[in-house]
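Structure in structure tokens, see below.
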Amino acid sequence: MKQIAIIGGGSWGTALAIALGRKGHHIRLWVFEQELVDSINRSRRNQLYLPDFQLPGGIEASHSLAAVIDGAEVVLTVVPSHHCREVYRSMLPLLRPEMMLVSATKGIETETQLRMSEVVREVTAPVFHAKVAVISGPSFAKEVAKGDPTAIAVASEDAALARLIQEEFSSSSLRLYTNSDVTGVELGGAVKNVIAIAAGVCAGLGFGFNSLAALVTRGLSEMTRLAVACGARKETLGGLAGMGDLMLTCTGELSRNRSVGVQLGQGRKLAEIVSGTRMVAEGVLTTVATLALARKHQVEMPIAEQMDAVLHHGKSPREAIRELMERRLKEE
């Protein structure tokens with residue numbers, strides 16, 4: 001069994017702690033809010049983000065990065081993408097070259113358009129060559145915590161590292177598949193959140209299954225074009241981290257990004273939606289980064305463009321959908 005440091009005590013970080021704790025790993029969970037640390041250690045539940053599930057024995061929460069990382073063999077980061085660089089800078093003096101660094105964050109850094117594994121490597125490069133892997137795929141936190149059968153991908157340029165994480169994380173309820181296409185796995189997990197907001201907009205406007213099917217299919221086409229332009233393999237986007245995660249996030253009631261879209265479609269403003277929840281809908285920021293990356297690689301992404309206009313430039317959701325439907329006719 002491994003000693004695992006999980007950096008991030010939100011719903012996904014807590015769900016992974018529960019899943020890995022059930023397998024017998026010793027888990028230290030870094031949580032930003034000191035009052036939540038005290039509550040978790042006292043009640044054995046994350047009352048703020050995942051209150052319905054008790055934490056197994058062997059899980060200890062702390063506000064101290066040093067205490068959490070000390071002696072860890074695996075450091076699993078589950079923080080919002082816009083905090084990833086800052087958190088890794090804070091952790092850098094505590095990390096050792098032999099540690100396995102695993103990112104479970106689905107996002108793209110807005111300012112640089114870097115994927116999370118690229119951010120990790122950039123921060124750690126002046127000190128050591130990091131062992132980096134990423135995990136992504138269709139995985140609602142509540143269902144992972146509940147123990148529902150779930151399959152995700154683990155990707156790394158280091159095949160041995162991917163296999164090791166696969167073996168250590170897999171269980172009777174969580175199954176990992178290895179993949180060497182880090183770019184495809186990360187971009188699939190990030191960009192699907194943009195499409196999920198659009199799927200929610202369709203639902204909020206009262207559209208039916210025809211609209212959803214069209215949106216998901218054309219959304220996958222956009223995701224694939226961008227990923228391939230960035231060096232990914234096309235088939236990766238047809239797997240767990242692409243189509244699998246896209247289907248889940250566009251259709252599941254637990255999807256935060258879909259929920260944002262639903263509320264936008266119903267007429268609420270983004271600022272009002274965001275202020276009413278502690279949960280992070282990664283797609284809101286990822287939309288900006290996705291379009292910057294698309295422009296850099298000269299990739300056409302009409303759905304992402306319209307979602308950016310709705311989210312950040314005041315366009316009405318109904319007008320955005322109309323413009324998508326009235327675009328120049330073309331071959332599939």
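The values are calculated or read from the model by the stated rules, or taken from the named source; none is laboratory data. Remember, predicted model here, so these are calculated numbers, not experimental data. All Cβ positions, even for glycine, are placed from backbone atoms using ideal geometry, and neighbour counts span all protein chains on display.
Which condition does Thr105 not pass, out of (1) of a type in the set (Val, Ile, Thr); (2) within 20 Å of Leu50 (Cβ to Cβ); (3) touching a Leu at 6+ places or on another chain (Cβ under 7 Å), if it passes all the others?
Going through the list (1) of a type in the set (Val, Ile, Thr); (2) within 20 Å of Leu50 (Cβ to Cβ); (3) touching a Leu at 6+ places or on another chain (Cβ under 7 Å), Thr105 breaks only (3).
Only one of these is without any contact (Cβ under 8 Å) to a residue 40 or more places away in the chain and either hydrophobic (A, V, I, L, M, F, W, C) or not assigned by TED's automatic domain parsing to the domain that holds Gln47 (or both): Ile273, Ile321, Ile303. Name it.
Ile273
Only one of these is in a helix (DSSP H, G or I), in contact (Cβ under 8 Å) with a residue 60 or more places away in the chain and among the small types (Gly, Ala, Ser): Ala66, Ala15. Name it.
Ala15
Which residue out of Ala159, Ala141, Ala104, Ala130 is among the small types (Gly, Ala, Ser), in contact with a Phe, Trp or Tyr (Cβ under 6 Å, 6 or more places away or on another chain) and not assigned by TED's automatic domain parsing to the domain that holds Thr286?
Ala141 is the lone residue from the list that is among the small types (Gly, Ala, Ser), in contact with a Phe, Trp or Tyr (Cβ under 6 Å, 6 or more places away or on another chain) and not assigned by TED's automatic domain parsing to the domain that holds Thr286.
Could you give every pair whose Cβ atoms fall below 8 Å, whose first residue belongs to region 220-231 and is closer than 13 Å to Ala304 by Cβ and outside the structural domain of Met247 (by TED's automatic domain parsing), and whose second residue is surrounded by 18 or more Cβ atoms within 10 Å (Cβ to Cβ) and among the hydroxyl-bearing types (Ser, Thr, Tyr), counting only separations of at least 6 or pairs across chains?
If the second residue must be surrounded by 18 or more Cβ atoms within 10 Å (Cβ to Cβ) and among the hydroxyl-bearing types (Ser, Thr, Tyr), no pairs are left.
Pick from region 7-39 the residues that are of a type outside the set (Gly, Ala, Ser) and within 15 Å of the chain's Cα centre (by Cα): which of them is surrounded by the fewest Cβ atoms within 10 Å (Cβ to Cβ)?
Trp12
Separate question: Looking at this structure, is Glu118 out of contact with any Pro (no Cβ under 7 Å at 6 or more places or on another chain) and either in the same structural domain as Leu240 (by TED's automatic domain parsing) or part of a helix (DSSP H, G or I) (or both)?
yes
Could you check Gly189 against (1) farther than 27 Å from Glu300 by Cα; (2) part of a helix (DSSP H, G or I); (3) not aliphatic (A, V, I, L, M) and say which number it fails?
Looking at each condition in turn, Gly189 falls short on (1).
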